[in-house]
Structure formats: structure tokens, C-alpha cells
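K.L.:
First the structure, then my questions, so here it is.
The values are calculated or read from the model by the stated rules, or taken from the named source; none is laboratory data. The model shown is predicted, which means the values in this text are computed figures rather than measured ones. Every residue, glycine as well, gets a Cβ built from its backbone with ideal geometry; the counts of neighbours run over all protein chains shown.
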Amino acid sequence: MYRSHTCGDLRVAHNNQEVTLSGWVQGVRDKGFMIYIDLRDRYGITQLYFDEESTPKDIIEKAQKLGREFVIQVKGTVVERSSKNPKIPTGDIEVLVSELNILNNAMVPPFTIEDKTDGGEDIRMKYRYLDIRRNPVKNNLIFRHKVAMEVRKFLSDEGFIEVETPYLIKSTPEGARDFVVPSRMNEGQFYALPQSPQTFKQLLMVGGMDKYFQIVKCFRDEDLRADRQPEFTQIDCEMAFVDQEDILNVFEHLTKHLLKEIKGVTIDNFPRMTYDDAMRKYGNDKPDIRFGMEFGELNEVAQHKEFGVFNDAELVVGIAVPSAASYTRKELDALVNWVKRPQVGAKGMVYAKYNEDGTFKSTVDKFYDQDDLANWAKATGAKPGDLICVLSGDANKTRAQLSALRMDLAERLELRNPNEFAPLWVIDFPLLELDEETGHYHAMHHPFTSPKPGQLELLDSDPGAVKANAYDLVLNGNEIGGGSIRIHNKDMQATMFKHLGFTPEEAKAQFGFLMDAFQYGAPPHGGLAFGLDRLVSILGGQETIRDFIAFPKNNSGRDVMIDAPAFIDDDQLKELSLKLDLKK
Ligand code: ASP
């Protein structure tokens with residue numbers, strides 16, 4: 001028996017008991033006549049001690065050789081401590097060791113295994129198994145488990161069945177590139193790893209499963225952005241015989257359940273906002289509504305004066321920054337420079353201070369009098385003491401720029417409280433999105449999303465205006481889930497593919513199986529998927545999803561611990577009928 005208790009178990013109630021513990025040596029303090037060891041396992045830390053007077057000499061000598069992270073087993077007696085440590089649950093006792101068994105030696109770890117470590121990100125990733133021994137990482141993994149269990153419990157109670165779908169499949173278009181796997185037995189052919197189980201879950205609905213879910217890995221070969229993982233986990237769901245309202249209800253319940261169980265937060269009904277409103281009010285389809293600073297459109301009040309920059313702009317739009325009228329010239333210059341950074345891309349910024357005394361002072365006083373500026377204040381909701389920041393230009397770009405500024409200011413003003421949760425549904429997304437580079441439309445959500453009833457006619461005349469039965473669940477400025485009511489009719493699916501630029505042959509080759517299935521009694525159906533990594537990190541009040549993944553990839557998509565991806569040898573290449581032509 002390796003242990004009678006864990007390192008988190010023992011209390012004063014165990015006084016005088018004989019116990020056996022196993023774990024890692026967190027630290028050794030050799031005081032000459034006494035040796036203290038902190039013994040750690042997943043459950044906690046227990047203080048061991050060796051006493052020169054009562055502990056046999058050979059055991060003392062063994063103890064003196066122990067180093068950090070040695071794996072040991074000890075037998076001993078629980079003793080109530082005279083000086084207690086209120087910081088740990090086992091702090092009232094210690095264990096006087098009578099037997100010591102070294103189960104394994106350990107090299108000196110490359111960083112300290114403490115809550116606050118001296119190890120940088122790279123070294124901790126390389127030795128992730130050591131990082132996992134630290135409380136912050138360990139606790140995050142336990143937290144993730146708890147969220148996943150709550151999800152399973154809730155969905156199972158609601159009648160959802162977890163079904164596994166294959167990983168070796170054919171492309172599912174979710175807007176990224178596929179990771180592919182060469183098939184040894186089918187020369188020159190490749191599987192694709194699923195970007196999501198989208199087509200399979202729809203086929204499960206055709207198969208009559210009615211309510212499906214799966215906590216599932218998805219793979220997307222995207223250009224890496226900060227805090228994206230090439231493989232990530234979805235809570236993937238689909239239901240038959242439902243409309244949008246049914247789906248929103250079920251998953252609003254799930255989200256409320258999680259907020260209640262995990263965070264103890266009760267939220268009534270989630271607000272709903274159309275995509276168009278979200279873009280108009282926040283310049284963003286995943287608005288953070290924990291704070292205001294809603295956009296005020298200023299075309300009417302700021303154009304047709306003498307100021308050419310605004311007159312030429314498609315959109316003039318501003319926000320009121322709370323209590324920022326007192327910003328110094330230096331702070332204001334920094335703001336202007338911030339929006340001019342290439343990542344944001346604004347050409348400049350006009351601002352107006354709404355002074356406490358009710359007067360205005362702007363960078364464009366030459367063109368706008370106090371009444372004009374009072375109109376700006378009205379449109380942006382500015383109060384005395386606020387600063388009105390105004391951008392102008394192409395509508396879409398300007399909205400995106402002002403949204404970036406709004407989020408940055410909120411960060412600086414500490415308006416993004418991680419312990420506050422503000423979910424909302426964004427609905428009525430456009431069906432199609434224009435790719436500026438190619439001039440072609442592609443599906444904003446994915447090609448299986450149905451248009452809103454009665455909008456099909458618009459597909460030919462004004463494709464960009466067609467709205468979809470598509471929705472996102474947004475939490476604190478992050479899209480945590482998204483889905484749609486699907487097309488379940490072969491002809492409509494074929495029409496959709498046509499509009500997306502597929503020839504009938506291409507559509508058949510890629511998605512013939514789905515359109516065939518639609519001919520055998522496909523029920524109306526729809527669903528959504530949550531991003532589990534992101535959901536867990538937001539519930540955990542932290543920024544990066546990496547911190548909640550046991551073995552994440554770094555920002556260049558590499559696993560630096562196992563050193564992947566890696567080259568494969570020539571025999572393996574040959575077996576797969578692959579030839580590499582690397583210009584070395
Ligand atoms: N498959 C979609 C996604 O990965 C979710 C859905 O439409 O259910 O975003």
C-alpha cells in the first residue's frame with residue numbers, strides 16, 4: 001500500500017495515528033537536530049519531520065540526501081503541531097517519520113514548483129509535466145474537468161446523447177484550412193481532420209438521434225493568432241425538430257446552469273441583439289456589454305460644416321469616455337497615436353473634452369461651435385467630465401477601429417471586471433460575407449446554415465443583405481458559442497452551394513453524401529457549438545486558453561515538449577507515397 005492518506009487529508013483528529021503518505025518533496029529544511037520536509041501531492045502539502053533524538057540514524061541520513069521533487073513514501077505518526085500554519089488545511093499537524101522509502105530520484109527541476117515560479121513561459125511549456133505539478137495549472141485542469149462534468153450532466157439530463165464522430169474524414173468547411181493525413185492504403189489520398197463534426201451531427205439528425213452532443217476535438221489550420229490553438233475543444237450540439245427559439249432556450253439554460261453551479265452567479269434572461277445593432281452600437285459582433293461607451297453616429301450633426309475630413313467620410317462616429325476630460329495633452333496624444341498604429345489603422349482622431357463646467361474644448365473648434373459639440377455629446381451620451389473620441393471614414397473600417405479603441409480604453413479604465421458576467425445572444429447574422437480580396441461571397445457561418453424565411457429571393461439581387469438563422473452566444477466580449485438552423489432540403493442546399501461558387505459537380509463530389517441523406521427524410525434541425533477552452537478560461541476569470549489546456553501548442557503551433565511537428569523518415573514517406581521536395 002503506497003498510502004493510507006493523501007497529503008491533503010490529515011487533521012488534528014488524526015493525532016497519534018500511524019499513517020503512510022506518498023508524494024513529491026517540495027522542500028527540505030535541515031535544521032541540524034531536526035529535518036522538515038514538505039511532502040506534496042495533488043491534494044495538498046503535509047509537513048514531515050525527522051527528529052535526531054527519536055528517528056533512527058539511517059533514516060536521518062537518507063532524509064539528508066533528498067532533493068526537490070524526489071518521490072518518496074513515508075510511514076509515521078501524526079502529531080499536533082505546537083506552532084500551527086493557518087495557511088494550509090493540514091497546517092495543524094505534522095508527521096513524525098519512522099520509515100522512509102525513496103521511490104524515485106529527481107533531477108533539480110529547471111524552475112521552482114511553486115505557485116509563483118521563476119520559470120518563463122517557454123521553459124514551463126517544455127517541461128509541462130512539471131508545470132502541471134504547480135497549483136495554478138493543476139487547479140485550472142481540475143476546474144476544466146468540473147465545467148465539462150457540469151456540461152455532460154446538464155445535457156444528459158436534457159436527453160442529449162453523447163455520440164463520437166470520426167476524426168479521419170473529408171473536409172468540413174468552417175472557414176479554415178484542413179489538417180490532412182495521408183492514407184497509406186489509398187495511394188495519393190488524404191483524410192482531413194474535422195474542423196468540426198458539422199456534417200456528421202447533421203447526419204445523426206437524419207439518423208433520428210434527435211438530441212446529440214459531444215465534447216470533441218476540432219482541428220483548424222489557421223494562421224496563428226495569439227491565444228488560438230490548432231486543435232481545440234468544442235461542446236458540439238445538434239437537435240431535430242427545433243427552431244431558433246428552442247435552441248436559444250436550451251443553451252441559455254445550459255449557460256445559466258454553468259454560471260450558477262461554477263460561479264454562483266444568477267443571471268435572468270440573456271439580452272438579444274441583432275448583428276446589425278451590434279455593429280452599429282459596438283462596431284463588433286461580439287460586444288462586451290459589461291460597460292457602456294456605446295457608439296454615437298455623428299453624420300447628421302458633424303457633416304455639412306466646413307470640416308472636409310468629416311464631410312468626405314461615409315461614417316462619423318464617436319464614443320464618450322467616462323471621466324476622461326481631464327486627460328493631459330500627453331495622454332491624449334498617446335490615444336491618437338494608439339489609433340494610428342497599423343494594427344488599428346485610423347488616420348487620426350478628433351476629440352472633444354466635455355468640461356465639468358459644461359463647456360467644450362475640441363481639436364476642431366475652428367469648425368464646430370459649442371452647440372455643435374453639445375449635439376455630439378447628446379449623440380454619444382457624454383456627460384460633463386467625459387471625453388468624446390471621434391473617428392471617421394469607411395463605415396466598416398471605422399467601426400472596427402472605434403471598437404478596438406473602446407475595448408482598449410475599457411481595459412485601461414478597468415471596466416472589464418473578470419468577476420462580472422454579461423452574456424448576450426447576437427442573432428440575425430448575414431448569410432454571406434464578401435471576401436474583399438477575391439470579390440466572392442462565402443458563408444459567414446458555414447454553407448449548411450439556412451437563410452431566414454422569405455429571404456431566398458434576395459440571394460440573386462442582393463446577396464450581402466440576406467439574413468441567416470444564425471446566432472452567437474457572446475460572453476464578456478468573446479464569442480463562446482455559435483450555431484444555426486440548418487438547411488434540410490436537397491434543392492436548397494444545392495442552391496446554396498451554387499451561390500457559394502461551387503459547380504454542381506464540385507458540390508456533389510464534396511457534399512454529395514449530405515445532399516443524398518437529405519433525400520431520405522431529413523428532419524428540420526439546428527444546433528450550435530461552444531468553444532470549451534474559451535468558456536473555461538472566461539469562467540475561470542483568466543485571459544489565455546493555454547492555461548486551461550494540459551498540453552497546449554505555442555503561438556507557432558508547436559508542441560515544444562514533444563517537439564512536434566517533426567520530419568518523418570524516408571521509409572515512412574515512401575510508404576505513404578509522399579515525396580518531399582524541400583529546398584534546403
Ligand atoms: N460547426 C459550427 C462551428 O464549429 C457550429 C454549429 O454550427 O453548430 O462553429
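K.L.:
Read through the list (1) of a type outside the set (V, I, T); (2) under 30 Å from E543 (Cβ atoms); (3) assigned to a loop (DSSP other than H, G, I, E, B); (4) more than 20 Å from the chain's Cα centre (by Cα), then give the number of the only condition that Q455 fails.
P.N.:
Result: Q455 passes all but (2).
K.L.:
Further question on the same structure: Which residues, taken from the range 204-228, are within 13 Å of the ligand (Cβ to nearest atom) and either over 18 Å from D516 (Cβ atoms) or in contact with a Leu (Cβ under 7 Å, 6 or more places away or on another chain) (or both)?
P.N.:
Y212, F213, Q214, V216, K217, C218, F219, R220, E222
K.L.:
Got a number for residues in the range 175-188 being on the phi > 0 side of the Ramachandran plot and within 16 Å of the ligand (Cβ to nearest atom)?
P.N.:
Summing the residues that are on the phi > 0 side of the Ramachandran plot and within 16 Å of the ligand (Cβ to nearest atom) in the range 175-188 gives 1.
K.L.:
When both residues are 6+ apart or on different chains and their Cβ atoms are under 8 Å apart, which pairs have a first residue that lies in the range 477-500 and is closer than 12 Å to L431 by Cβ, and a second that is within 16 Å of the ligand (Cβ to nearest atom) and assigned to a helix (DSSP H, G or I)?
P.N.:
I485/Q244; I485/I247; I487/Q493; I487/M496
K.L.:
Select from the range 440-487 the residues that are farther than 27 Å from Q234 by Cα and hydrophobic (A, V, I, L, M, F, W, C) and write down the one among them that is nearest to the ligand (Cβ to nearest atom).
P.N.:
It comes out as V466.
K.L.:
Being more than 28 Å from P136 (Cβ to Cβ) and hydrophobic (A, V, I, L, M, F, W, C) narrows it down to one residue among I35, I113; which is it?
P.N.:
Being more than 28 Å from P136 (Cβ to Cβ) and hydrophobic (A, V, I, L, M, F, W, C) holds for just one of I35, I113, which is I35.
K.L.:
Something else now. Let me spell it out: the conditions are (1) in contact (Cβ under 8 Å) with a residue 40 or more places away in the chain; (2) loosely packed, with under 15 Cβ neighbours inside 10 Å; (3) within 24 Å of the chain's Cα centre (by Cα), and I142 meets all of them except one. Which number is the exception?
P.N.:
Unmet for I142, out of (1) in contact (Cβ under 8 Å) with a residue 40 or more places away in the chain; (2) loosely packed, with under 15 Cβ neighbours inside 10 Å; (3) within 24 Å of the chain's Cα centre (by Cα): (1).
K.L.:
Then there is this: Tell me yes or no: at least one residue of the range 450-469 is closer than 23 Å to K256 by Cα and modelled with pLDDT of 95 or more.
P.N.:
Checked the range 450-469: at least one residue is closer than 23 Å to K256 by Cα and modelled with pLDDT of 95 or more.
K.L.:
If you scan the range 230-251, which residues turn out to be among the charged types (D, E, K, R) and within 24 Å of A550 (Cβ to Cβ)?
P.N.:
Within the range 230-251, E231, D236 qualify.
K.L.:
Now for a separate question. Take the range 189-203 and flag every residue that is touching a residue at least 60 places away in the same chain (Cβ under 8 Å) and within 11 Å of the ligand (Cβ to nearest atom).
P.N.:
Of everything in the range 189-203, those that are touching a residue at least 60 places away in the same chain (Cβ under 8 Å) and within 11 Å of the ligand (Cβ to nearest atom) turn out to be S196, Q198, T199, K201, Q202.
K.L.:
Considering only helices (runs of 4 or more DSSP H) fully contained in the range 496-582, which possess at least 2 residues that are away from the ligand (no atom under 16 Å from the Cβ) and hydrophobic (A, V, I, L, M, F, W, C)?
P.N.:
Where helices (runs of 4 or more DSSP H) fall fully within the range 496-582 and carry at least 2 residues being away from the ligand (no atom under 16 Å from the Cβ) and hydrophobic (A, V, I, L, M, F, W, C), they are 504-517, 532-539.
K.L.:
Separate question: Just checking, which of F270, F251 is under 22 Å from the mean Cα position of the chain (by Cα), part of a helix (DSSP H, G or I) and touching a residue at least 40 places away in the same chain (Cβ under 8 Å)?
P.N.:
Of the residues listed, the single one that is under 22 Å from the mean Cα position of the chain (by Cα), part of a helix (DSSP H, G or I) and touching a residue at least 40 places away in the same chain (Cβ under 8 Å) is F251.
K.L.:
Testing Y471 on (1) out of contact with any helix residue (DSSP H, G or I) (no Cβ under 6 Å at 6 or more places or on another chain); (2) surrounded by fewer than 22 Cβ atoms within 10 Å (Cβ to Cβ); (3) touching a residue at least 60 places away in the same chain (Cβ under 8 Å), one condition comes back false. Which one is that?
P.N.:
All conditions pass for Y471, except number (2).
K.L.:
Taking the condition closer than 30 Å to P552 by Cα and either of a type outside the set (A, V, I, L, M, F, W, C) or not in a loop (DSSP other than H, G, I, E, B) (or both), does I142 pass?
P.N.:
Judged against the criteria, I142 is a match.
K.L.:
Among the listed residues L582, L576, which satisfies the condition of being over 27 Å from the mean Cα position of the chain (by Cα), among the hydrophobic types (A, V, I, L, M, F, W, C), over 22 Å from F200 (Cβ atoms) and loosely packed, with under 11 Cβ neighbours inside 10 Å?
P.N.:
L582
K.L.:
Please verify whether T172 is buried (at least 18 other Cβ atoms within 10 Å of the Cβ), within 16 Å of the ligand (Cβ to nearest atom) and modelled with pLDDT under 95, treating the condition exactly as stated.
P.N.:
The answer is yes for T172.
K.L.:
Would you please list the contacts, defined by Cβ atoms under 8 Å and residues six or more apart or on different chains, that run from a residue in the range 557-580 that is closer than 30 Å to D227 by Cβ to a residue that is acidic (D, E)?
P.N.:
Matching pairs, first to second residue: V560/D122.
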